[in-house]
Amino acid sequence: MKIRNQQQQLDTFIIAELSANHNNKLEVALKTVREMAKAGANAVKVQTFRPESMTLNLNNDLFKTRTDSAWAGQKLFDLYQKGALPYGWHTPIQKQAHDVGLEFFSSPFDEEAVDFLEKMKVPRYKVASLEINHTPLLKYIAKQGKPMILSTGVSRLSDIDHALETITTEGNNDISLLKCTTAYPTLPEESELSHIKWLKEHYQLTVGLSDHSMSKHIPSIAVALGATIIEKHFILDRKMGGIDSHFSLEPSEFKAMVDLVRETEKSLGGFAYKLHPKGISARKSMRSIIVTKKINKGELLSRENIAVLRPGNGLHPMNYDEIIGKKVLYDLEIGTPLQFQMILK
């Protein structure tokens with residue numbers, strides 16, 4: 001499956017996820033966006049849904065969170081109700097994002113949300129891990145013709161294959177994949193960052209990391225492995241509480257993470273091998289063929305009067321054996337870097 005790469009850029013695209021960290025206060029949401037910009041994010045992402053489009057408001061165990069989840073035992077409907085971003089807040093949050101130089105986009109969870117976001121002219125869409133099997137939604141988003149980012153936190157390869165086929169069949173080839181572990185928070189040993197390289201090579205797509213760990217270092221390791229998109233949850237202060245607070249980074253932590261990512265980018269350099277300018281200069285300190293005793297015109301070069309020594313201003317040592325026994329054309333003083341024009345051919 002040939003799919004065109006998205007995000008052809010030198011810098012990693014860093015997404016700050018608001019999620020439920022607005023704690024149902026618009027001013028908190030707006031302040032969070034301002035802090036995201038100060039911390040070095042490129043974009044703010046929100047989630048657009050209504051609880052009734054996610055699940056049914058029932059109280060039996062089937063409609064409660066898993067017992068092994070961070071929200072164990074809560075009704076799904078109640079959880080989504082706590083986390084939902086009011087539709088009326090999207091525009092002021094988008095305006096705040098644009099005012100501080102951030103891109104604004106969202107994860108829609110139903111077709112109504114897509115229609116709403118289209119009116120806002122969002123530049124791209126994110127598909128959450130648990131929505132990758134929502135074939136009708138994938139088709140509907142794909143038809144909008146905008147870049148799509150897919151999280152793969154619960155996906156088998158067959159799920160990813162099906163999602164990509166669904167999207168490309170609608171004529172949308174602008175797709176990125178995010179390696180993700182659906183654990184909140186994710187422990188380092190659960191991150192499985194080696195999947196990034198595999199996904200990139202297997203699908204020939206732009207690949208990133210949606211990271212739910214509390215680590216500032218894991219995203220930079222992901223970048224070293226080829227990730228060019230990083231998504232991380234952002235909160236003003238974990239002491240505020242909230243349903244996503246326990247796996248979200250505070251501003252200083254997020255900035256430290258961004259700094260590590262940018263440092264990693266600089267350390268990686270380009271993809272084509274070439275010598276750094278400082279390396280070119282340092283080559284003068286390599287070994288070369290140097291005169292070790294005074295040699296008179298017409299004398300023969302020998303192991304007694306030349307050697308492979310530093311610095312590197314003379315002939316390359318690869319020529320050492322072939323010039324032994326050759327006559328010199330000039331008187332050569334000790335310490336002279338030997339050159340071909342000094343030797344009789």
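Some notes on this structure:
- Note on the chain: GNM, Cα springs under 10 Å; of Leu164, Leu150, Leu130, the largest mean-square fluctuation is that of Leu130.
- The orientation-averaged projected area of the convex hull spanned by the Cα atoms of the chain comes to 24.2 nm².
- Distance-filtered residues of segment 320-336 - backbone nitrogen under 11 Å, label point 7 angstrom along Lys294 Cα→Cβ: 332-334
- Between Lys239 and His217, the FRET efficiency estimated from the beta carbon spacing at R0 = 35 angstrom works out to 0.90.
- Where Rh is the Kirkwood radius over Cα pairs, Rg/Rh for segment 198-263: 1.04
- Only Cα pairs under 8 Å and 6+ residues apart enter the sum, and on that basis the relative contact order of the chain stands at 16 percent.
- The ranking of Glu17, Glu253, Glu189 from fewest to most other beta carbons within 10 Å of each one's beta carbon is Glu189, Glu253, Glu17.
- For segment 133-272, taking Cα atoms only, Rg and Dmax work out to 16.0, 47 Å respectively.
- Full extension of the chain segment joining Val100 with Phe340 gains 80.1 nm, where the gain is 0.36 nm per residue of separation less the Cα-Cα distance.
- Amide hydrogen proximity for Ile14: with H placed 1.01 Å from N in the peptide plane, the residues at 5 or more positions away or on another chain lying under 5 Å are Asn42, Ala43, Ile230.
- C-alpha center-to-center spacing [segment 79-128, segment 238-308] in angstrom: 43
- Legend: distances between Cα atoms for Lys294/Lys327; Lys45/Lys266; Lys179/Lys200; Lys216/Lys255; Lys31/Lys95; Lys146/Lys197; pairs beyond 18 Å are Lys45/Lys266; Lys146/Lys197.
- Spherically averaged projected area of segment 277-342 from its Cα convex hull (nm²): 4.1
Taken together, the values in this text are just the output of simple stated rules run on the coordinates, not laboratory data. Fair warning: this is a prediction, and the values are worked out from it, not measured in the lab. Note that each Cβ is placed from the backbone with ideal geometry, even for glycine, and that neighbours are counted across all protein chains shown.
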